[in-house]
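I have placed the structure first, in the form of structure tokens, so that the comments after it can refer back to it.
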Amino acid sequence: MIKILEDWQYALVLLFKTIGELRFLPRQWGRCMQHACNMGYQTLPIVGILSLFMGGILALQTGYSLNKVPGAQNFLGSIVGLSMCRELGPLMTAFLLTGRVGSAITAELASMSVYQEIDALKTMNLSPVRLLVMPRLLGGLLMMPLLTIFSNILGWIGGWIVVHSVDIISINGSIYWRGLKKFVDIESINDGLIKAELFALIIIAVSCAVGLRTRGGPREIGASVTSTIVQTMVAILTCDFFVSKWLL
């Protein structure tokens, strides 16, 4: 527990140090875009597949439950639409980004720390935060909203496919889209994007903090990766509860 608190404390320190390094952003912009593209390339396919099935499952289960109440299935589009953009879209994307990108960041930085490459940068008077943390953090902030919007759209499409193809749901696709458009507004989408940006901060900051604090031999690299995934998911869920309560 003490180690987790120390990691989170160091993650906050990294965030403040990154803000101080933003004056060097023009020189590091190429690195930021490279990391953003890598994050999108690594995460986009799995986000699309899981979002499509998540929207379909949500529509199937909700449609089956609402089938017992006459006329209630007309609200299926609004339920799927709001659930995806306010909660499931950003949360599921954050979990996938943690497993696919956060673990890779920790492994890379932990390897550099174990093999004393971080110390070599400091010896050459080069800031590890400027070269290693800031590009990844800004890349994550740039890519996370795009991944979340992509997840929302695929989730809505998955719900429509289920509505169109499952017999127990007694509404057609036009009613589904009409309800979705009626209740899903810009404010709901923005609430989900606010969560997505906060989740991206948590994922990149914790991943970098755990990686940079890794000490010992190669065996510790695997332990750091596992620790990153667990810590990040706990932090995301905790943040999600309080942010959801604040946005309601």
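Answer yes if at least one residue in the stretch 74-91 is among the β-branched types (V, I, T), in contact (Cβ under 8 Å) with a residue 24 or more places away in the chain and within 26 Å of V230 (Cα to Cα), and no otherwise.
Scanning the stretch 74-91 turns up no residue that is among the β-branched types (V, I, T), in contact (Cβ under 8 Å) with a residue 24 or more places away in the chain and within 26 Å of V230 (Cα to Cα).
For the stretch 173-211, which residues satisfy the criterion of being of a type in the set (S, T, Y) and more than 21 Å from L58 (Cβ to Cβ)?
S207
Where in the stretch 80-156 are there helices (runs of 4 or more DSSP H), lying wholly inside it, with at least 2 residues that are more than 11 Å from the chain's Cα centre (by Cα) and surrounded by 24 or more Cβ atoms within 10 Å (Cβ to Cβ)?
Qualifying helices (runs of 4 or more DSSP H): 103-114.
Kindly establish whether G192 is surrounded by 15 or more Cβ atoms within 10 Å (Cβ to Cβ), over 30 Å from V230 (Cβ atoms) and modelled with pLDDT under 95.
Criteria not met by G192.
Can you name the condition, by its number, that L66 falls short on among (1) within 23 Å of the chain's Cα centre (by Cα); (2) surrounded by fewer than 21 Cβ atoms within 10 Å (Cβ to Cβ)?
(1)
Could you figure out which of (1) of a type in the set (S, T, Y); (2) crowded, with 19+ Cβ neighbours inside 10 Å; (3) over 16 Å from the mean Cα position of the chain (by Cα) isn't true of T43?
T43 satisfies all of (1) of a type in the set (S, T, Y); (2) crowded, with 19+ Cβ neighbours inside 10 Å; (3) over 16 Å from the mean Cα position of the chain (by Cα) except (3).
The values are calculated or read from the model by the stated rules, or taken from the named source; none is laboratory data. Everything numeric here is computed off the predicted structure, so don't read it as measured data. Reconstructed Cβ throughout: ideal geometry from the backbone, glycine too, with neighbour counts over all protein chains shown.
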